[in-house]
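Values in this text are rule-based calculations from the coordinates and carry no lab data. Nothing here was measured: the structure is a model prediction, and the numbers come from that model. Please note: Cβ atoms are built from the backbone with ideal geometry, for glycine as well, and neighbour counts cover all protein chains shown.
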Amino acid sequence: MPVLVMAKYPAPGRVKTRLAGALGAAVAAELARAFIADLSARLGALGASVAWAFWPPDAPFARLVPEAPCVPQQGRDLGERLRAAIAWAFARDPRPLAVLGADIPHVPAATLREAAAALAAEADVVLGPTPDGGYYLLALRAPQPALFESVPWGGPQVLAVTLERARAAGLRVHLLPPTFDVDTRADLAALRQLLAAGTVVLPQTTALLERLSRAGVA
């Protein structure tokens, strides 16, 4: 199944703002860069066809993933940007699509397989819930612009409103096991636990976290 990753260019002060408040803007940007590199490698190793939609539109994002197709995000809010990026991805490849954020480098391979299997069976939409009321993965058989209309992006009702939009459109929904985006210091601690247990292998993120730990930063 093709994968589209929504990502911000890792510039200090413009990415991972909640982590930046705890660790500093430069460290947060370094983490974002490591997440992009590790997620790109993981998805490639899984054999996924990966494309990236990046923000801001004038960022030199393609340098970070030189082998992958990239497109600038377009729109006034996340809903418009998702709608445009998904339309672009389906125009390139009409197969069912999974959409991720770059702040989940630990996304389980089994989760991607479950999403693909659900779409191949009866589901029209697959969503992966996060504890904060959002979602970390969206998978679709076809573009569904109505899913992104009047959603309170960034708030605790994103998943609930998206489910309402899906029901109103008569779409069949499959929910994946929940997991977390890495947005806060607590999320970073949870990611460290996964890395320590060997649940996921993220070489660049691990090396950075070890360096930061030695420096007493994170």
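Which GluC sites (Glu not before Pro) in the range 78-136 sit in a loop by DSSP (not H, G, I, E or B) and have at most 14 other Cβ atoms within 10 Å of their own Cβ? Write out the running numbers ahead of the final one.
Values: sites: GLU80, GLU114, GLU122; in loops: GLU122.
Loop-located and lightly packed - GLU122.
Taking chymotrypsin sites (Phe, Trp or Tyr not before Pro) across the range 141-197, the ones in a DSSP loop with at most 16 further Cβ atoms lying within 10 angstrom of their Cβ are TRP153.
Residues whose amide H comes within less than 5 Å of that of LEU137, counting only those at least five positions distant or on another chain, are GLY128 (H built at 1.01 Å from N in the peptide plane). What fraction of the Cα pairs in the range 3-214, stated in percent, has a spacing above 27 angstrom? So the portion of pairs separated by more than 27 Å is 27 percent. A dipole drawn for the chain from +1 and -1 charges on Cβ atoms has a positive end, and of GLY128, LEU188, LEU97 the residue lying farthest that way is LEU188.
The 3J(HN,Hα) values that the Karplus relation (6.51, -1.76, 1.60; θ = phi - 60°) gives for the range 33-42 are, in residue order, 5, 5, 4, 4, 5, 5, 5, 4, 5, 5 Hz. Gly and Pro appear as x. With both labels modelled 7 Å from their Cα along Cα-to-Cβ, the ALA110 to ARG172 distance reads 2.4 nm. Pairing the Cα long axis of helix 158-168 with the longest principal axis of the chain, what angle in degrees results, from 0 to 90 and rounded to the nearest 10? Computed tilt is about 10 degrees. For the chain, the longest principal axis of the C-alpha atoms and the axis of helix 109-120 are separated by about 10°.
For ASP132 and SER213, FRET efficiency with R0 = 45 Å and r from the beta-carbon atoms, rounded to 0.05? Don't skip to the answer; put the middle values down first.
Working: r = 26 Å, r/R0 = 0.57.
Efficiency, from the Cβ-Cβ distance: 0.95.
Sparse packing (at most 10 other Cβ atoms within 10 Å of the Cβ) combined with a DSSP loop state is found for the following trypsin sites (Lys or Arg not before Pro) in the range 16-102: ARG76.
To the nearest 10 degrees, how steep is helix 185-197 against the longest Cα principal axis of the chain, on a 0 to 90 scale? The answer is roughly 80 degrees.
Using 0.36 nm per residue of separation minus the Cα-Cα distance, give me the extension gain between ALA26 and ARG92 in nm, one decimal. Present the calculation step by step, with values, prior to reporting the outcome.
Working: separation 66, 0.36 × 66 = 23.76 nm, distance 3.51 nm.
Extending this stretch completely gives an extra 20.3 nm.
Net length available on complete extension from ASP77 to ARG185 is 36.3 nm, with 0.36 nm assigned per residue and the Cα-Cα distance removed.
Sorted ascending by nearby beta carbons within 10 Å, beginning with the fewest, SER213, SER49, SER40, SER150 become SER150, SER213, SER49, SER40.
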